[in-house]
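Working notes, structure below.
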Amino acid sequence: MNPPIVIAIDGTSASGKSTNAKLVARALGYVYVDTGAMYRTLAWHCLRHRVDVEDPKAVAAACRRWNTSLECVDGRVRLLVDGYCPEPEIRTAETSAAVPHVAAVPKVREWMKKRQRECVRFGNLVMEGRDIGTHVFPETDYKFYLDASLHERTKRRHADGVPEDLASRDQRDSQRAAAPLMIALGARVINNSEMTAEQTSGLIIEEVRQRLGGS
Ligand code: DC
């Protein structure tokens, strides 16, 4: 049997990774994995248990001990904590502010990488994040890096009702020592400032289909 195919979609905040990854996964019948949600889930768990997110040792200890499982429901991977999958809770301003601290802890990134690689047991994947093509699945032949102008991305976040200082988030994601946001070698870079989600996902789907041998 052929090994599962992994499509890695990385990029800056609000560059359309989630929307496009979901569209690509649906079109190809692949499983969608939102790795940002996994980091957010750990940040939420730390806040809930009064773990100081600015203390890397405390965060690493919480990550060693939390009781989690992965499941795939309706073509989408979910990370459960004590059998519960937090959803609205991981999108609050408080969790968003905590998550870059958690995501900068090397032990956390190691843990996440292991869990993310385990997702291939669910089948072919479209995995979105910041380090999928560079660290999690560096061996995949299907790497995409999305970006858009800061102006456009800020507009998109406002339209989603979550105004955020994207420039400083990008800076933190790109400058951290552990698995910083970078364009993976061989990744196709798509600047979608002037493109719709259908156009962006269309480019990705077309390229994957061509490389898979046409369809
Ligand atoms: O994509 P998002 O906004 O849900 O990501 C939340 C945070 O997690 C963001 O600060 C970047 C970080 N992240 C990461 O470091 N590596 C990933 N693979 C995914 C997200």
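The values are calculated or read from the model by the stated rules, or taken from the named source; none is laboratory data. Just so it is clear, the structure is predicted and the values come from calculations on it, not from any experiment. Quick reminder, even Gly has a Cβ in these numbers, built from the backbone with ideal geometry, and neighbours come from all protein chains shown. Protein only, heavy atoms only, side chains kept; ligands, DNA and RNA dropped before computing areas. Shrake-Rupley method; radii C 1.70, N 1.55, O 1.52, S 1.80 Å.
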Accessible area, probe 1.4 Å, largest first, for residues Val189, Val33: Val189, Val33
Cα-Cα P(r), segment 57-174, percent of pairs per 5 Å interval: 2, 8, 16, 20, 22, 18, 11, 2, 0
Size descriptor, Kirkwood hydrodynamic radius, that averages inverse alpha-carbon separations across segment 135-200, Å: 13.6 Å
Euclidean distance between Cα centres, segment 1-55 to segment 132-179, Å: 12 Å
Apportionment of accessible area to carbon and sulfur, the chain, percent (1.4 Å): 51 percent
Rel. contact order, % - alpha carbon contacts under 8 angstrom, at least six apart, the chain: 33 percent
Helix 150-159 vs. the chain, principal-axis angle (Cα, 0 to 90°, nearest 10): 70 degrees
Residue among Pro3, Ser18, Thr140 farthest towards the positive dipole end of the chain, charges placed on Cβ: Pro3
Segment 79-90 - phi-based ³J(HN,Hα) in whole Hz, Karplus 6.51/-1.76/1.60, Gly and Pro as x: 9, 9, 10, 6, x, 10, 9, x, 10, x, 4, 8
Rg to Rh quotient for the chain, alpha carbon positions, Kirkwood Rh: 0.95
Charge dipole of the chain about the Cα centre (unit charges at C-beta), most positive-ward option of Tyr30, Trp111, Ala178: Trp111
Charged-residue dipole, Cβ positions (Lys, Arg, Asp, Glu), the chain about Cα centre, Debye nearest 20: 500 debye
Rounded accessible area of His135 (nearest 10 Å², 1.4 Å probe): 70 Å²
Rounded to the nearest 20 debye, dipole of segment 20-122 from Cβ charges on Lys, Arg, Asp, Glu: 360 debye
By accessible area with a 1.4 Å probe, ligands and nucleic acids excluded, highest first: order of Thr12, Thr196: Thr196, Thr12
Efficiency of FRET from Cβ geometry, Glu110 and Gln210, R₀ 30 Å, rounded to 0.05: 0.30
Loop trypsin sites (Lys or Arg not before Pro), segment 38-146, which have at most 10 other Cβ atoms in a 10 Å radius of their Cβ (DSSP): Arg50
Angle between the chain longest axis and helix 93-103 axis [Cα atoms, degrees, rounded to 10]: 80 degrees
Using alpha-carbon coordinates, inclination of helix 166-175 to the longest axis of the chain, degrees: 90 degrees
Accessible area (Å², per residue) of segment 130-211, counting only protein heavy atoms and a probe of 1.4 Å: 54 Å²
Dipole magnitude (debye, nearest 20) for segment 121-195, charges at Cβ of Lys, Arg, Asp, Glu: 100 debye
Surface per residue (accessible, 1.4 Å probe) for segment 1-71, Å²: 45 Å²
Relative contact order computed over segment 21-119 (Cα-Cα under 8 Å; 6+ residues apart), in percent: 32 percent
Spatially close lysines, pair count over the chain: Cα under 21 Å, gap of eight or more or interchain: 11
Segment 180-204 versus segment 81-128: alpha-carbon centroid distance in Å: 22 Å
Rg(Cα) / (2.2 N^0.38 Å) computed for segment 17-118, rounded to two decimals: 1.07
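For the chain, what is the calculated [θ] at 222 nm in deg cm²/dmol (nearest 500), taking -39500 (n - 2.57) for each run of four or more DSSP H residues and dividing by its residue count? Provide the component values of the computation, followed by the final result.
Numbers: 8 runs with 95 residues, N = 215.
Counting only the DSSP helices, I get -13500 deg cm²/dmol.
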